[in-house]
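Visitor: This is the structure I want to talk about, given as structure tokens.
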Amino acid sequence: DYLGLIFVPDTPRFISLGNARGLIAEVDKTHVRVGGVFLNQPAALIQQHIVVLCVDTVQLHGAESSEFCQPFSLPVINTVLLSPDFNPISLLPYKEVVGTVLLDLPKAHAPTVSLTEKAEQVQQIQALGFSVLLAGKLSPESVAEAIRSRALPRLIKRGVSGTKISPR
């Protein structure tokens, strides 16, 4: 299991460094991996969070380049918005610095999406050697569909309606 701590200011689930430290102290890290989630933030700030909190992964949700991902000494999850013009080949520069790609939907999409519509893209990303994490606009039905799909990613992020909390 993963616990994602959102360090993106001015978002509903933002958590401060101090509150995150207290929360992590209560987590059994033998069973739960802790990830820090960032959006277009300076590498120095991300590195500070890595050192202070001893997070297990860094999840990047912005326009971070493959070069930006290189200095981090732990696994990096790169978020990709599944827009109509997304081409999995665009991930090739990330091959040496990112192990997992989180597939998300732009906010403008409908409340849910059929994951079978995205199966070909998921398979192409997996063929490039990335692990895939699904997130965004998931419903119990779309998760069940993903489980039945041949393009089942290794992980499905628990973001089904009602499971997200705001720690402020």
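The values are calculated or read from the model by the stated rules, or taken from the named source; none is laboratory data. Note that the coordinates shown come from a computational prediction; the quantities given were computed from them, not determined experimentally. Because the Cβ atoms are built from the backbone with ideal geometry, glycine has one as well, and the counts that use them run over all protein chains shown. Remember, those area values only see protein heavy atoms, side chains included, never the ligands or the DNA or RNA. Shrake-Rupley method; radii C 1.70, N 1.55, O 1.52, S 1.80 Å.
Visitor: So which pairs qualify, if the first residue must be in region 72-87 and open to solvent by 20 Å² or more (accessible area, probe 1.4 Å), the second must be at pLDDT below 90 and of a type in the set (D, E, K, R), the Cβ gap must be under 6 Å, and the two must be at least 6 apart or on different chains?
Guide: Cβ pairs passing all conditions: L81/D104.
Visitor: Give the residue, chosen from S66, S90, S16, that is out of contact with any strand residue (DSSP E or B) (no Cβ under 6 Å at 6 or more places or on another chain), at pLDDT 90 or above, polar (S, T, N, Q) and open to solvent by less than 20 Å² (accessible area, probe 1.4 Å).
Guide: Every option except S66 fails the conditions.
Visitor: With D28, D56 as the choices, which residue is of a type in the set (D, E) and crowded, with 16+ Cβ neighbours inside 10 Å?
Guide: It is D56.
Visitor: To continue, here is another question. Counting only residues that are modelled with pLDDT under 65 and either hydroxyl-bearing (S, T, Y) or assigned to a loop (DSSP other than H, G, I, E, B) (or both), how many does region 124-168 have?
Guide: Total meeting the criteria: 17.
Visitor: May I pose another question? Would you pick out the residues in region 31-43 that are open to solvent by 30 Å² or more (accessible area, probe 1.4 Å) and at pLDDT 95 or above?
Guide: L39, N40, P42, A43, listed by residue number.
Visitor: List the residue pairs whose Cβ atoms are under 6 Å apart, where the first residue sits in region 1-25 and is under 22 Å from N40 (Cβ atoms), the second is open to solvent by 60 Å² or more (accessible area, probe 1.4 Å), and the two are 6 or more positions apart or on different chains.
Guide: Partner pairs satisfying both residue conditions: Y2/R33; I6/R13; V8/L39; P12/S166; R13/S166.
Visitor: If V101 passes every condition in (1) modelled with pLDDT under 90; (2) hydrophobic (A, V, I, L, M, F, W, C); (3) under 15 Å from the mean Cα position of the chain (by Cα) but one, which one does it miss?
Guide: (1)
Visitor: I'm trying to understand the selection: among the residues of region 1-11, which are in a strand (DSSP E or B) and either of a type outside the set (G, A, S) or over 17 Å from L102 (Cα atoms) (or both)?
Guide: Correct list: Y2, L3, L5, I6.
Visitor: Of all the helices (runs of 4 or more DSSP H) wholly in region 12-87, which have at least 3 residues that are of a type outside the set (A, V, I, L, M, F, W, C)?
Guide: So the answer is 17-25, 43-53.
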